[in-house]
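Chemist: Below you will find the structure I want to go over with you.
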Amino acid sequence: MSAPTATSRPRLPRGVRLKHDKVRDEWLLLAPERVVKANPVAVAVLERCTGEKTLGEIVDDLAAAYSAERSLIERDVTKLIADLADKRMVDL
Amino acid sequence: MNAQSQIAPPTGMLAELTHRCPLGCPYCSNPLELERAADELDTQTWKRVFSEAAEAGVLHVHLSGGEPCARRDIVELTAHCAAVGLYTNLITSAVGLTRPLFDALVAAGLDHVQLSIQDAEPASADRIAGYDGAFARKREVAAWTTQAGLPLTVNAVMHRANISRAARMVDMAVELGARRIEVAHTQYYGWAMKNRAALMPTREATEKAVADVEALRRKYQGRIVIDHVVPDYHARFPKACMNGWGRRTLNVTPSGKVLPCHAAETIPGLEFWNVREHSIGAAWYDSPAFNAFRGTAWMKEPCVSCERKEIDFGGCRCQALALTGDARNADPICHLSPHHARVQKIAAEEAPAIAPDYIYRRLKAKA
């Protein structure tokens, strides 16, 4: 499977969902036999993984929303998406 | 022992909706005393149980059995699980699952399908399952699942008859479009314990299978997630059974008993609560069976002074009972157990001997 690039359009496949769990008061990414805690940054990224935006556009979005340096955001987002794609929790 | 605040909420619930199953796999994790259809919980009770599970913090619900599709209300139950926010996983043999039923499950909000595959060779697979034509049905259901865009997990239990084809089963899972495979070396409980002499592979075959499967991780990185349940009897350290007793998951049997694991009923003296009288949350936090082996206070040596006691929790209570006669002993898979030599002797003696015939999992004929 290829690594994510700026033109990838990451999306959560069916069977992978982001959920706010009331019992634990945490955001969780649920997948087959997997539960991954999602920190606020991961939630912001994953909410944008709809298959419509490219990874580059997601980074632009976040850089604007958090007024942070684009290159740092790009690095973190690419790493997160690559890691989740490896686990089949994000499709590219 | 623990105050409720110290016990984490459950994350997963295995709902054994029924023990009825068309297959007869000789390693089935169901108990030898299978529960009868007449004793099964009704639809309304299961719905209440699923609602209580969601409220208690359960995230994943595994609709299992037996064959869960043998329940006429499987679509209604799946829809209810989805409605209360549970992640629904159907653990199926594929036999008895028709296309209209499958489509209805997808429409009801099913999240994931876990399909058992007995072997990569059709004739051997059907012989292991004790059901002619099962293999072909499984291929069909795998195709429906991927066409519907649902994630597919293949569950492959490894034992003497198929262990030489472990790597081929991973290849097959990739061909079927599975996103995940569980390569589960047989754990000897229930029917598998009864059939142990027929199932036990040699150490050499086991080591080769483990190495072959591990080697495929790199090849299939990003295509399939490989979860490897390693073989027990040839190990030096025990598994962290259930990730620790009453720490993460619970089972509900067809008649409503709430168990810490599949085999817990084999341990004498434990008091299990039933969903007919208690809520899921009450059974999790307060039932004597769940508190019997929580934490480390119940342990004996060599566990008490062991630095791994919070890693593997002394291994498996049911295995300790089955092989040493005392559920509080260290799991004898552990090389520190005084009973460990016996485990090695069993594995060494049973594996090379001529395999007896399978005793297929069946409901007892009515008396």
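Chemist: Among the helices (runs of 4 or more DSSP H) confined wholly to the stretch B:268-367, which include 1 or more residues that are crowded, with 17+ Cβ neighbours inside 10 Å, touching a Ser or Thr at 6+ places or on another chain (Cβ under 8 Å) and among the acidic types (Asp, Glu)? It would help to see each step written out before you state the result.
Modeler: Numbers: elements: B:280-286, B:288-292, B:317-324, B:340-350.
Correct list: empty, since no element meets the threshold.
Chemist: Residues of the stretch B:213-246 being assigned to a loop (DSSP other than H, G, I, E, B), more than 28 Å from residue B:40 (Cβ to Cβ) and either small (Gly, Ala, Ser) or within 14 Å of another protein chain (Cβ to nearest Cβ) (or both), which ones? So that I can check it myself, show each step before the final result.
Modeler: The initial filter retains those residues of the stretch B:213-246 that are assigned to a loop (DSSP other than H, G, I, E, B), namely B:220-224, B:230-240, B:244-246.
Retained after the next criterion (residues that are more than 28 Å from residue B:40 (Cβ to Cβ)): B:220-224, B:230-240, B:244.
Scanning the stretch B:213-246 gives B:220, B:221, B:222, B:223, B:224, B:235, B:240, B:244.
Chemist: Identify the single condition in (1) free of Cβ contacts under 8 Å to residues at least 40 places away in the same chain; (2) part of a loop (DSSP other than H, G, I, E, B) that residue B:29 does not satisfy, given that it satisfies every other one.
Modeler: The single condition residue B:29 does not satisfy is (1).
Chemist: Next up: Have a look at A:86, A:76, A:91, A:21 and point out the one that is among the acidic types (Asp, Glu) and closer than 17 Å to residue B:150 by Cα.
Modeler: Values: A:86 fails: closer than 17 Å to residue B:150 by Cα; A:76 fails: closer than 17 Å to residue B:150 by Cα; A:21 fails: closer than 17 Å to residue B:150 by Cα.
Matching residue, one of A:86, A:76, A:91, A:21: A:91.
A quick yes/no check of all residues on (1) small (Gly, Ala, Ser); (2) modelled with pLDDT of 95 or more; (3) in contact with a Lys or Arg (Cβ under 7 Å, 6 or more places away or on another chain):
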{"residue": "B:46", "(1), (2), (3)": "no, yes, no"}
{"residue": "B:51", "(1), (2), (3)": "yes, yes, no"}
{"residue": "B:62", "(1), (2), (3)": "no, yes, no"}
{"residue": "B:67", "(1), (2), (3)": "no, yes, yes"}
{"residue": "B:72", "(1), (2), (3)": "no, yes, no"}
{"residue": "B:75", "(1), (2), (3)": "no, yes, no"}
{"residue": "B:80", "(1), (2), (3)": "no, yes, yes"}
{"residue": "B:83", "(1), (2), (3)": "yes, yes, no"}
{"residue": "B:89", "(1), (2), (3)": "no, yes, no"}
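Chemist: So, residue B:208, is that one buried (at least 16 other Cβ atoms within 10 Å of the Cβ), more than 14 Å from chain A (Cβ to nearest Cβ) and not aromatic (Phe, Trp, Tyr) or not?
Modeler: Details: buried (at least 16 other Cβ atoms within 10 Å of the Cβ): yes; more than 14 Å from chain A (Cβ to nearest Cβ): yes; not aromatic (Phe, Trp, Tyr): yes.
So residue B:208 passes the test.
Chemist: Right, here's the next one. Here are some residues: A:41, A:35. Which one is within 11 Å of another protein chain (Cβ to nearest Cβ) and of a type outside the set (Phe, Trp, Tyr)?
Modeler: Working: A:41 fails: within 11 Å of another protein chain (Cβ to nearest Cβ).
Among A:41, A:35, only A:35 is within 11 Å of another protein chain (Cβ to nearest Cβ) and of a type outside the set (Phe, Trp, Tyr).
Chemist: If I ask for residues that are closer than 17 Å to residue B:17 by Cα and part of a loop (DSSP other than H, G, I, E, B), which ones from the stretch B:84-107 would you list?
Modeler: Answer for the stretch B:84-107, where residues must be closer than 17 Å to residue B:17 by Cα and part of a loop (DSSP other than H, G, I, E, B): B:86, B:93, B:94, B:95, B:96, B:97.
Chemist: I've got another one for you. I'd like the full set of residues that are crowded, with 20+ Cβ neighbours inside 10 Å and in contact with a Ser or Thr (Cβ under 9 Å, 6 or more places away or on another chain), limited to the stretch B:213-245.
Modeler: B:225, B:231, B:232, B:233, B:234, B:238, B:242
Chemist: Being away from chain A (no Cβ under 14 Å) and surrounded by fewer than 18 Cβ atoms within 10 Å (Cβ to Cβ) is the filter; apply it to the stretch B:54-74 and report the residue that is farthest from residue A:18 (Cα to Cα). Show your work before the answer.
Modeler: If we filter the stretch B:54-74 for residues that are away from chain A (no Cβ under 14 Å), which is where we start, we get B:65-74.
So of that shortlist, the ones also surrounded by fewer than 18 Cβ atoms within 10 Å (Cβ to Cβ) come out as B:72-73.
Numbers: B:72: 31, B:73: 28 Å.
Looking at residues that are away from chain A (no Cβ under 14 Å) and surrounded by fewer than 18 Cβ atoms within 10 Å (Cβ to Cβ), I get B:72.
Chemist: Another question about this same structure. For the stretch B:118-167, what are the residues that are among the aliphatic types (A, V, I, L, M) and in a strand (DSSP E or B)?
Modeler: B:152, B:154, B:156, B:157, B:158, listed by residue number.
Chemist: Test residue B:110 against the criterion of being assigned to a loop (DSSP other than H, G, I, E, B), on the phi < 0 side of the Ramachandran plot, hydrophobic (A, V, I, L, M, F, W, C) and within 14 Å of chain A (Cβ to nearest Cβ), and give yes or no.
Modeler: The answer is yes for residue B:110.
Chemist: Please enumerate the residues belonging to the stretch B:84-94 that are of a type outside the set (S, T, N, Q) and within 14 Å of chain A (Cβ to nearest Cβ).
Modeler: B:84, B:85, B:86, B:87, B:90, B:91
Chemist: Here's another thing I want to ask about it. Surrounded by 21 or more Cβ atoms within 10 Å (Cβ to Cβ), within 13 Å of chain A (Cβ to nearest Cβ) and of a type outside the set (Phe, Trp, Tyr) - does that describe any residue in the stretch B:35-53?
Modeler: yes
The values are calculated or read from the model by the stated rules, or taken from the named source; none is laboratory data. Remember, it's a predicted structure, so these values are computed and weren't measured experimentally. Note that we place each Cβ from the backbone using ideal geometry, even for glycine, and neighbour counts take in every protein chain shown.
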